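The values are calculated or read from the model by the stated rules, or taken from the named source; none is laboratory data. What you are looking at is a predicted structure, and each value in this text was computed from that prediction instead of being measured. Here the Cβ positions follow ideal geometry from the backbone for every residue, glycine too, while neighbour counts run over all protein chains shown. The accessibility values were calculated without ligands, DNA or RNA, using every heavy atom of the protein model including side chains. Shrake-Rupley method; radii C 1.70, N 1.55, O 1.52, S 1.80 Å.
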Amino acid sequence: MALRTPPDGGNPLDPPDHRKPASPADGAKPPSRPDRGRSRPRPGSSAAGTRLWTWLMIPGTLWMTGFLIASLVLVAALAFGTTDPLGNPQFGLNFDNIAAMADPAYRAVLLRSLGYALLTCAICLLVAYPVAYAIALHGGRYKNLLIAAIVVPFFANYLVRMYGWSVVLSDDGPLLRALRAMGLADGDTKILQTGPGVVAGLVYGFIVFMIIPLYAALERMDVSLIEAGRDLYGGPLRTFFFVTLPATRQGAAAGCVLVFLPAMGDFVSAQLMGGPDQIMIGNLIQDKFFQGQNWPLGSALTMLMMAVLFVGMIGYLRRTRKDEAEAVR
């Protein structure tokens, strides 16, 4: 039997790896070589970039140090101060303002504010999650447009939006008129100057801070996990609780923090949509600084509120670190 000569001119009995490589004259292209002219990063470029970013951070760091941290230090120092007969604040070492934090009236206002903020977080989470889920997984090419339609109205001034919301919730507003027409409310039903009215204002004011982190978490989630969860758990409800919700837990936690922090110190919603029995700690601080002319007591209340917020932030950071450690494992 005749042996065919390979097209590359090598010995037909040689293995393919030992045959003579084709030359350019045979019409084959020589193997490509790496581009020797390609630029490589210089050894000192990384250090130079680090120095550049360090210099760029200096203005922002000085600004934060000078106007944020310094103001907090002044507030903390003023909490131990007193007032003169004319109401002017004076620095000192007086613990009466700190001892006044144990007053049952102040404690009741703090607990009410904490309850309103937590309830606002829960309602925002329940309302924002379906919205973010629908946009992220079913929005298609209209995702950006839908997110813009939600975010852009919140660029308006917060006080203006709260005034508009108070009109909607007023006794003669469109909401109560519609409820009365459907027989779900009578003439004595009120929303303003009630606790639900204050919470409704807080939800309206800060719900966008819950939608954005949830949307980002759902957008990053691998959709194949949901499909695998349906095969594993069977129903959509079990898939949501065992797959979707754990995968977006960090986004939900970030949204709760972004809602809780401003809701805890808000005073506009309680002032416009609440009554004397719905004041929050933000209203109390505003009253001590502007009407009561008792800046040291207002500073002590501010430090009390910040201590509560600090505890919440520590809990969030510890939970985030734990989730990251579990993800690495």
Exercise. Can you name the condition, by its number, that residue 294 falls short on among (1) closer than 23 Å to residue 75 by Cβ; (2) open to solvent by 20 Å² or more (accessible area, probe 1.4 Å); (3) within 24 Å of the chain's Cα centre (by Cα)?
Worked result: (3)
Exercise. Do we have residue 312 as under 29 Å from residue 85 (Cβ atoms) and either in contact with a Phe, Trp or Tyr (Cβ under 6 Å, 6 or more places away or on another chain) or surrounded by fewer than 20 Cβ atoms within 10 Å (Cβ to Cβ) (or both) here?
Worked result: no
For this session: Just give me the residues in the stretch 297-307 being surrounded by 19 or more Cβ atoms within 10 Å (Cβ to Cβ) and either among the β-branched types (Val, Ile, Thr) or more than 21 Å from residue 92 (Cα to Cα) (or both), in sequence order.
Result: 302, 305
For this session: Tell me which residues, restricted to the stretch 242-285, are among the small types (Gly, Ala, Ser) and outside any helix (DSSP H, G or I).
Result: 274, 275
For this session: Considering only the stretch 242-259, state which residues are open to solvent by 20 Å² or more (accessible area, probe 1.4 Å) and in contact (Cβ under 8 Å) with a residue 40 or more places away in the chain.
Result: 249, 250, 253, 254, 256, 257, 258
Exercise. Do you know which residues across the stretch 260-291 are closer than 19 Å to residue 72 by Cα, open to solvent by 50 Å² or more (accessible area, probe 1.4 Å) and touching a residue at least 12 places away in the same chain (Cβ under 8 Å)?
Worked result: 261, 286
